[in-house]
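The values are calculated or read from the model by the stated rules, or taken from the named source; none is laboratory data. This structure is a prediction, so every number in the text was calculated from the model and none was measured. Neighbour counts run over all protein chains shown; Cβ positions are idealised from the backbone, glycine included. Side chains included, ligands, DNA and RNA excluded: accessible areas come from the protein's heavy atoms. Shrake-Rupley method; radii C 1.70, N 1.55, O 1.52, S 1.80 Å.
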Amino acid sequence: MPAGQTGEKETWGKPAKWCDESGMIDGKPYGVAILDHPNNPRHPSTWHVRAYGLIAANIFGLHDFDKTKPKGSGDFVMEAGKTVTFQVPRGAP
């Protein structure tokens, strides 16, 4: 998603290298950012974002995010006996 997108309508289902959520809790500012590693499958990830605070990288919901994509376009098939590794950016816990 282009930098500066805010709110559920502008960010839900959009691809981006990272996404963050912030707000006030008991008068104090809090926030969290999730970064997608460039080696991850389907980087940059699409994001499942909801106004009530849910935020998740979601590479599987492609048809739900973009109805022009065919059903099943978010399927992720692994060959038998193969593995897939999702990485976090360097310095992340």
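Observations on the structure shown:
- Quotient of Cα Rg and 2.2 N^0.38 Å for the range 25-73, N being how many residues it contains: 1.46
- Evaluated over the chain, the count of Lys pairs having alpha-carbon atoms less than 25 Å apart is 11 (only pairs 8 or more residues apart or interchain).
- Kirkwood-Stokes translational diffusion coefficient of the chain, alpha-carbon pairs, 10 °C, 1.306 mPa s, µm²/s: 108 µm²/s
- Carbon + sulfur, % of accessible area of the chain - ligands and nucleic acids excluded, 1.4 Å: 56 percent
- Excluding ligands, DNA and RNA, the accessible surface per residue across the chain is 74 Å² with a 1.4 Å probe.
- Summed residue charge, Cβ within 12 Å of E21's Cβ, Lys/Arg positive, Asp/Glu negative: -1
- Gain on full stretching of the segment that runs from V77 to K17 - 0.36 nm per residue minus C-alpha separation: 19.3 nm
- Sparsely packed chymotrypsin sites (Phe, Trp or Tyr not before Pro) within the range 1-85, loop by DSSP, other Cβ within 10 Å at most 12: Y52, F76
- Net charge of neighbours whose Cβ lies under 12 Å from the Cβ of A51, counting Lys and Arg as +1 and Asp and Glu as -1: -1
- Using C-alpha pairs under 8 Å with a sequence gap of at least 6, the mean separation divided by the residue count of the chain gives a relative contact order of 25 percent.
- Taking the helices alone, the chain has a mean residue ellipticity at 222 nm of -1500 deg cm²/dmol, built from -39,500 (n - 2.57) per DSSP H run of at least 4 residues and averaged over all its residues.
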